[in-house]
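Just below is one structure, and these are the notes that go with it.
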Amino acid sequence: MGIKVKAIVIGATDYKEKDKRITLFSLEKGKIYATLKSVKSPNAKLKFAKELFCFGDFFIDTPSMIVTGVDVENNMFELTKDIDKYYIACAILDVVNTVLKEGETNAPLFLETLKALGAIAYDNVNDKYVLIKYLLSVFSAMGYFVALSNCSVCGEKFSGKRYLNLDFGEVVCVACKSANCIEISARAGTALKLLSETDYDKLSTLKLSKGSEDEVLNILNINFDRRFNKKLKLL
Ligand SMILES: [Zn+2]
């Protein structure tokens, strides 16, 4: 028996002497683990399938979960040629690996992940914008709305400063802020809003004030750590 899934490699570790264990994010079965046998030799038929970001149809024997074949649709080779792109793309895999539980399917997140990686690989875009947008979608899918224009407690429209409440992952105004809050400057607030409202394929046209992407990423990384107990590695 076997299964065929459309999937992307989101993790890979050495296994036994010659094998690799790969983590796949698949459309049909969610996050699953599979084994690539004798794949470390340069002549191995499936050697490309042990690389992060490899995307295609995976044929997997069950219940052994040994990969028997892969039709590669895109190996996203561009992501491994540039260290900055590579780091941001790895951060995206880190996010998806953290938020997805084994066997949990999530078609919207699957498509979002492909879009984000594709934008980093092929669009002339600030890669940090892509990661910010991706994090915002992940947060909002889980009910944490970081990019709103109104205070999540009193509903008042923000003017100037706002604060991220680290206990709840929500953004509040100065009147509603508690002790465990970090400030989001006006420019970071604008950046959050613009990034959440711009599609991936339009991100290359967006220009935010210099440095605001780093400020936003830092805030989102703290929020991610508080929500999921995991700090993303960023350059
Ligand atoms: Zn308020």
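The values are calculated or read from the model by the stated rules, or taken from the named source; none is laboratory data. As the structure is a prediction and not an experimental result, all values here were calculated from the model. Using ideal geometry, Cβ is built from the backbone for each residue, glycine included, and neighbour counts are taken over all protein chains shown.
Key figures for this structure:
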| quantity | calculated |
| --- | --- |
| Members of the range 95-134 that are surrounded by fewer than 19 Cβ atoms within 10 Å (Cβ to Cβ) and among the acidic types (Asp, Glu) | GLU102, GLU104, ASP123 |
| Search result, residues across the range 1-46 that are surrounded by fewer than 19 Cβ atoms within 10 Å (Cβ to Cβ) and under 20 Å from ALA89 (Cβ atoms) | LYS6, GLY11, ALA12, THR13, LEU27 |
| Test: residue in the range 147-161 that is away from the ligand (no atom under 13 Å from the Cβ), under 23 Å from ASP225 (Cβ atoms), at pLDDT below 90 and touching a Lys or Arg at 6+ places or on another chain (Cβ under 9 Å) | yes |
| Subset tally (residues that are in contact with an Asp or Glu (Cβ under 9 Å, 6 or more places away or on another chain) and under 19 Å from LEU194 (Cα atoms)) for the range 152-172 | 5 |
| Scan of the range 135-146 for residues that are crowded, with 20+ Cβ neighbours inside 10 Å and within 16 Å of the ligand (Cβ to nearest atom), ordered by number | VAL146 |
| Flag if GLU17 is in contact (Cβ under 8 Å) with a residue 40 or more places away in the chain and of a type in the set (Asp, Glu) | no |
| Positions within the range 162-183 being farther than 16 Å from GLY143 by Cβ and away from the ligand (no atom under 13 Å from the Cβ), in sequence order | ALA179, ASN180, ILE182, GLU183 |
| Strands (runs of 3 or more DSSP E) contained entirely in the range 152-195, each with at least 2 residues that are surrounded by fewer than 18 Cβ atoms within 10 Å (Cβ to Cβ) and in contact with a strand residue (DSSP E or B) (Cβ under 6 Å, 6 or more places away or on another chain) | 181-184 |
| Verdict on ALA116 being assigned to a helix (DSSP H, G or I), closer than 19 Å to GLU78 by Cα and modelled with pLDDT of 90 or more | yes |
| Positions within the range 119-151 being assigned to a helix (DSSP H, G or I) and of a type in the set (Val, Ile, Thr), in sequence order | ILE120, VAL130, ILE132, VAL138 |
